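Some notes on the structure that comes next.
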Amino acid sequence: MRFSDLTIAVAMAAFLTAGASFAAELEIPPRTTPEDISVHKGPPNCSRWTDECVNCSRGAEGEAPVCSNIGFACQPKPVRCLSPAVPHSEPQKK
């Protein structure tokens, strides 16, 4: 079945006006500067983290984190948590 140009134009106009009618006035909070977290210290309450160059993990409470070596041409990104720390009193869910 072949659509006419008028049908396509009407459908596009309806789509564009429907999108505009759902727009809302939202208050966007101001951007805050991210907390400067050392990749070798790691974010709190996180057992594994990375900056896409170095991967680190934290074992038992109080132990120093173990980190991989950085590549020679790597450009670090902001540190992000890969898995949250699980308190030792709670068993891990599987």
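The values are calculated or read from the model by the stated rules, or taken from the named source; none is laboratory data. Computed from a prediction, not measured in an experiment: that's the story for all the values here. We place every Cβ from the backbone using ideal geometry, glycine too, and count neighbours over all the protein chains shown. Ligands, DNA and RNA are excluded from the accessible area calculation, which covers all protein heavy atoms including side chains. Shrake-Rupley method; radii C 1.70, N 1.55, O 1.52, S 1.80 Å.
At-a-glance table
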item: Projected label distance in nm at CYS53 and ASP5, using a 7 Å step from Cα toward the beta-carbon; result: 5.6
item: Positive minus negative residues near LYS77 (Lys, Arg vs Asp, Glu; Cβ under 13 Å); result: -1
item: 5 angstrom amide H check on ASN55, placed H, neighbours 5+ away; result: SER68
item: Ranking by accessible area, most exposed first, for THR32, THR7 with a 1.4 Å probe; result: THR32, THR7
item: Positive minus negative residues near ASP51 (Lys, Arg vs Asp, Glu; Cβ under 13 Å); result: +2
